[in-house]
Amino acid sequence: MRLDGSTKAIGTMCPPAVRVVLAPGGLAPAFETRSNASGLPPEIAFLSAYGVAPAQLIAAAGLARKQGVPPDRALLAGGAVTERFFYECLARHLGLAFIEEPVRLQDRATETYPQAIRAGIARFEGPAGPCWLAAPRGEGLKALLRAIRRGGIQRSRLAITTPSHLSRCGREAAHRRIAADASYDLLSTDADLSAHSGANPLQKGAAAIGLLIFALSFAIVPSAAANLWLVAIACVFFATVFFRLYVFAAALGAPRARSVSLEDHEFPNYTIVSALHKETRIAARLAAMIERIDY
């Protein structure tokens, strides 16, 4: 979604292939808002000037307080506004460039991945030198609003984008490191847990002894070998069953742990992933049932 207003390329900041959206009227931020009067958090209050209903912002702020999450996160998770619309409005509100095209992050992005993506800011190289590409969230967004208000940021060196776009650019810049970590990180962290070098001598010896015993049993007593192996497997099975019964019986007399009442914001966040294929008829009902889960 593109906001109404002037659109111009800033050649001193970004490569010609990068398109940016600049707030009308130059770089003057619109900080004289009704947000303070409404009591809304500054991270989302600015959206009221761009057509977002105050009721939606109030509901998001209430949900954020209840769940202990940043207001912008609650608003975006609720689907009231899209991520792109949110960050375009933020860029316009702050009088900063909004970048929507791929940019090449500096080589240092490889060293700082994924910390830079989590922090929501990374450097990219422009014709006039290094520039910052920011996709602030939560406390980072609040800090950016405060810094802009105090005039502590050089705006010609800062541009806004969405977290999704910043993540894509970061993964592209660090693709070699990502591939190397996926292939060798476990090996460098704990070689004993990695199968990179194959089975160790102990594992090979145990496998060889097992195969030897299995072969000798059929070579020495071929008529009874099958029955002996069935008896051995049955013993292992019944040992497992009796162990579980023992654990169950031992737990009957154990004191029960007292349940502790927790507030919503004290629970960890979780995500429900539901795979659907040609199931349009039940999608609405499934979503309604998920909404009824009392976490």
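Filtering the stretch 124-147 to residues that are modelled with pLDDT under 85 and either within 21 Å of PRO70 (Cα to Cα) or open to solvent by 30 Å² or more (accessible area, probe 1.4 Å) (or both) leaves GLU125, PRO127, ALA128, PRO130.
Selection of first residues in the stretch 182-195 that are farther than 23 Å from TYR113 by Cα and of second residues that are open to solvent by 80 Å² or more (accessible area, probe 1.4 Å) and not in a helix (DSSP H, G or I), restricted to Cβ pairs under 9 Å at least 6 apart or on distinct chains, gives the following pairs, ordered by first then second residue: ALA191/SER197.
In the stretch 120-172, the residue that is nearest to ILE99 (Cα to Cα) out of those that are polar (S, T, N, Q) and under 23 Å from the mean Cα position of the chain (by Cα) is THR161. Looking only at the stretch 212-222, decide whether some residue is surrounded by 10 or more Cβ atoms within 10 Å (Cβ to Cβ) and among the small types (Gly, Ala, Ser). Yes, there is a match, as at least one residue in the stretch 212-222 is surrounded by 10 or more Cβ atoms within 10 Å (Cβ to Cβ) and among the small types (Gly, Ala, Ser).
Filtered by the rule that a residue be charged (D, E, K, R) and farther than 29 Å from SER261 by Cβ, the stretch 273-295 gives LYS278, GLU279, ARG281, ARG285. Taken as a whole, the stretch 252-269 holds no residue that is part of a helix (DSSP H, G or I), modelled with pLDDT of 80 or more, surrounded by 10 or more Cβ atoms within 10 Å (Cβ to Cβ) and not acidic (Asp, Glu).
Kindly evaluate ALA55 against the criterion of being at pLDDT 90 or above, surrounded by 15 or more Cβ atoms within 10 Å (Cβ to Cβ) and in a helix (DSSP H, G or I).
Values: at pLDDT 90 or above: yes; surrounded by 15 or more Cβ atoms within 10 Å (Cβ to Cβ): no; in a helix (DSSP H, G or I): yes.
The answer is no for ALA55.
Of all residues in the stretch 135-154, those that are touching a residue at least 40 places away in the same chain (Cβ under 8 Å) and among the basic types (Lys, Arg) have Cβ atoms under 8 Å from Cβ atoms of residues that are assigned to a helix (DSSP H, G or I) and open to solvent by 50 Å² or more (accessible area, probe 1.4 Å), 6 or more apart or on another chain, in ARG137/ARG73; LYS142/PRO42.
Of all the listed residues (HIS175, HIS196), the sole one being open to solvent by 70 Å² or more (accessible area, probe 1.4 Å) and within 19 Å of the chain's Cα centre (by Cα) is HIS175. The single residue among THR82, THR112 that is more than 23 Å from HIS265 (Cβ to Cβ), of a type in the set (Val, Ile, Thr), surrounded by fewer than 21 Cβ atoms within 10 Å (Cβ to Cβ) and without any contact (Cβ under 8 Å) to a residue 24 or more places away in the chain turns out to be THR112. Of the numbered criteria (1) open to solvent by 60 Å² or more (accessible area, probe 1.4 Å); (2) in contact (Cβ under 8 Å) with a residue 12 or more places away in the chain, the one PRO163 fails is (1).
For GLY205, the requirement of being over 40 Å from the mean Cα position of the chain (by Cα) and either more than 30 Å from LYS66 (Cβ to Cβ) or not in a helix (DSSP H, G or I) (or both) is met.
The values are calculated or read from the model by the stated rules, or taken from the named source; none is laboratory data. All values derive from a computational prediction rather than experimental measurement. Cβ coordinates were reconstructed from backbone atoms using ideal geometry, including for glycine residues, and neighbour counts include every protein chain displayed. Ligands, DNA and RNA are excluded from the accessible area calculation, which covers all protein heavy atoms including side chains. Shrake-Rupley method; radii C 1.70, N 1.55, O 1.52, S 1.80 Å.
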